[in-house]
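Encoded as structure tokens, the structure appears first; notes follow it.
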Amino acid sequence: METGMENTVETARETKHYDVVVVGGGLAGLTAAAILSHKGKKVALVERGNLGGRAVTLRIKDFAFNFGAHAIYGRDTSVLRTLKKEIGINIGWEDFEPNKAKYDIGDQLTDVPANIQGLFRTAVIKGTGKIKFTFEIFKTLLRLEKGHPHLSIAKWMEENHINEDVREMMLTLASSNFFTKEPEKIPSDVFFNYYQRLFTTNKPVAYIAGGWQALIDEFIRVIESSGGEIYMKTKVESVSADNDRVTGIQTNKANFAGKEFVFAIPPKELDKVFVGTKIEHSVKQYSNYEPSYVYVYDVGLRERIDVPYTYIYDKQNRIFITDISHYDRSCAPEGSQLLQAIAYIAQDDLKDKEKMEEYHAKIEALYDKHFSGWRDQLVVPRVSKRAAAQEIKWTMTQDPMPLYFPDYRNVFFTGDWCQGEGQLSELSFSSAYETSKLILQKD
Ligand SMILES: Cc1cc2nc3c(=O)[nH]c(=O)nc-3n(C[C@H](O)[C@H](O)[C@H](O)COP(=O)(O)OP(=O)(O)OC[C@H]3O[C@@H](n4cnc5c(N)ncnc54)[C@H](O)[C@@H]3O)c2cc1C
């Protein structure tokens, strides 16, 4: 492809030239870099640390701990499926088994209403509630329920006189899909948009075989085989601009010039990088936000503790445990087990040391209750006390960032803090896909 630009030779403060410079090597940056390089653009991907961002697979004592569940919701409608067709991203899937999923409702375990059998068998919702809940699902599917951007889901349910059992069920579902302890704050339009998509899927939850690393390796393969260049340990510090275009970025190692720029770094970082530019104030507007924090406590066990379930959701405490090794055997040595527990954290608890210790104790109590003997089998625990599952939490006072501001014609944004489809990593994939499309449409 004719770029009219050549990569220059290494000098003390070299300027490297590209068609597109992608900043940030998390899932969003990797997606954009893979699409654009596959479509013939000369791409540089610049990452301050290692590739993957929050999607990390960490190997400790032969166990592969994933930062997060690496579960993809609605894989048959995911952008990952489009990426397979369009750029050859190839990953294996381990589908979640709904019949092995249980809600812990205090004195008993009951089915998760993840499918129609589960809905009939579950005790979390009673006779008429089940019919009303099914009716709500149909209305959502038919887009008869759309919510309203000015109403939270709690307010919407109040105004629409939603039955108490149905309300409880909808909020419990939202808590686990949006990774939040405060599902009632989700804007109702976001809620219905999400479920409209999820209720139409045949594959509601699936794990990536080999964990996040398998996906990251695929992105790297596509980028490098298409001639894209990856720069790790390269931190972007500032940008330079000229009228309505950004012309370059400055890093701790080199300067990068480009025709187009994709920024896949969180708004708190963008805020520093865009100081003194025309979009300084626009970016600032989005930089003061609360993420959706979770407490992660995974354990690698010497021997499997066989139980008839692979997923337990403690409904009262909003904690879930997944037997990750049941789905993905590659994450634990033969005969051993890797369990993952995630607790959704309430915003007010974050600064309270005692409350945070309570999360730890509650997770251990849940392990004791359902995986009795786990302490004797423990080989290695892994704890993250404050992991940002989604960079911005859905509340009525937080808006996702747009994919561009009109002031700069060659600057785009992507990440799970941006406008897009789905939640969590799907927001990263979908915003990166849209961003790449906008750049490719310029040709
Ligand atoms: C505990 C946990 C569980 C999760 N579980 C799931 C799940 O089951 N399913 C799911 O779909 N998602 C899950 N997620 C969410 C998923 O991990 C994220 O949505 C996704 O990884 C976000 O990717 P991103 O590229 O948008 O952002 P990030 O991963 O934050 O990437 C941003 C990148 O920019 C880099 N960067 C920042 N500043 C600079 C700079 N100045 N210069 C250069 N580089 C810079 C960072 O180092 C980072 O690599 C989970 C997350 C966590 C933490």
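Only Cα pairs under 8 Å and at least 6 apart count here; give the relative contact order of the stretch 292-390 as a rounded whole percent.
Working: 169 pairs, mean separation 46.5, N = 99.
That works out to 47 percent.
Only bridges whose two residues both fall in the chain count here: according to DSSP, what percent of them are antiparallel, nearest 5?
Looking only at bridges with both residues in the chain, the antiparallel portion is about 65 percent.
Quick one: if the Förster radius is 60 Å, what FRET efficiency do Lys235 and Glu97 give, using the C-beta to C-beta distance and rounding to 0.05?
According to the calculation, E is roughly 0.90.
Can you give the Rg/Rh ratio of the chain, where Rg is from the C-alpha atoms and Rh is the Kirkwood radius?
0.98
Within the stretch 192-241, which chymotrypsin sites (Phe, Trp or Tyr not before Pro) sit in a loop by DSSP and count at most 16 neighbouring Cβ atoms inside 10 Å?
Those that pass, being in a loop and sparsely packed, are Phe199.
Between Asn252 and Arg302, how many nm apart are label points set 7 Å from Cα along the C-beta direction?
Each label point lies 7 Å from its Cα, and together they span 4.2 nm.
What whole number of Å gives the distance from the Cα centroid of the stretch 369-411 to the Cα centroid of the stretch 232-252?
27
What aspartates and glutamates sit close enough to Lys233 to cross-link, taking a C-alpha to C-alpha distance under 12 Å and skipping anything fewer than 8 places away on the same chain?
Glu47
Using a Cα distance threshold of under 21 Å, what count of lysine pairs results for the stretch 292-390 when pairs must be 8 or more residues apart or interchain?
Value for the stretch 292-390: 11.
Applying the Karplus parametrisation 6.51 cos²θ - 1.76 cosθ + 1.60 with θ = phi - 60° to the phi angles of the stretch 42-47, what ³J(HN,Hα) value in whole Hz is obtained for each residue in order, glycine and proline being reported as x?
Result, rounded to whole Hz: 7, 10, 10, 10, 10, 10.
Using helices alone, I'd like the mean residue ellipticity at 222 nm for the chain: each DSSP H run of four-plus residues gives -39500 (n - 2.57), total over residue count, nearest 500.
-9500 deg cm²/dmol
Are there any trypsin sites (Lys or Arg not before Pro) in the stretch 107-136 that are in a DSSP loop and have at most 14 other Cβ atoms within 10 Å? List them by number.
When the trypsin sites (Lys or Arg not before Pro) of the stretch 107-136 are filtered for loop state and at most 14 Cβ neighbours within 10 Å, Lys126 remain.
Under a plain spin-label model, where a point goes 7 Å from the Cα along Cα-to-Cβ, how far apart in nm are Lys278 and Lys355?
4.3
Can you tell me the relative contact order of the stretch 1-152? Whole percent, Cα pairs under 8 Å, sequence separation 6 or more.
Values: 135 pairs, mean separation 16.2, N = 152.
Relative contact order comes out at 11 percent.
Would you mind computing, in nm to one decimal, how far apart the modelled labels at Lys369 and Asn288 are, each placed 7 Å from Cα along Cα→Cβ?
4.0
Given contacts defined as C-alpha pairs under 8 Å and at least six residues apart, what's the relative contact order of the chain, whole-number percent?
Averaging sequence separation for qualifying contacts and normalising by length gives 23 percent for the chain.
Could you give the spread of the C-alpha atoms of the stretch 10-161 along their three principal axes, from largest to smallest, in whole angstroms?
73, 45, 29
Report the extension gain between Arg59 and Ile131 in nm, rounded to one decimal, defined as 0.36 nm multiplied by the number of residues separating them, less their alpha carbon distance.
Extra length from Arg59 to Ile131 when fully extended: 21.3 nm.
Just to be sure I understand: with springs between alpha-carbon atoms less than 10 Å apart, which residue in Ala346, Ala206, Ala32 has the highest mean-square fluctuation in the Gaussian network model of the chain?
Of the options given, Ala346 has the highest mean-square fluctuation.
How high is the FRET efficiency from Arg409 to Arg221, r the C-beta distance, R0 22 Å, rounded to 0.05?
0.10
Which of the lysines could be linked to Lys41 by a straight reach, that is with a Cα gap under 17 Å, when you skip same-chain ones fewer than 8 residues away?
Partners within reach: Lys16, Lys259, Lys437, Lys442.
Scanning the chain for GluC sites (Glu not before Pro) in DSSP loops with at most 14 other Cβ atoms within 10 Å, what's the longest stretch left with none? List each step's numbers first, then the result.
Working: sites that count: Glu2, Glu6, Glu10, Glu14, Glu303, Glu334.
Formally, the longest exposed-site-free interval is 15-302.
Taking H placed 1.01 Å from N in the peptide plane, check which residues at least 5 places from Ile105 or on another chain put their amide H under 5 Å from its amide H.
Those lying under 5 Å, H to H, from Ile105 are Thr110.
For the stretch 292-390, report the convex hull volume of the alpha-carbon atoms normalised per residue, in Å³, without decimals.
Roughly 99 Å³ of hull volume per residue.
Computed from the coordinates by the stated procedures, all read-outs in this text should not be read as laboratory data. Quick caveat: nothing in here was measured; it's all calculated off a predicted structure. Backbone-built Cβ (ideal geometry, glycine too); neighbour counts: all protein chains shown.
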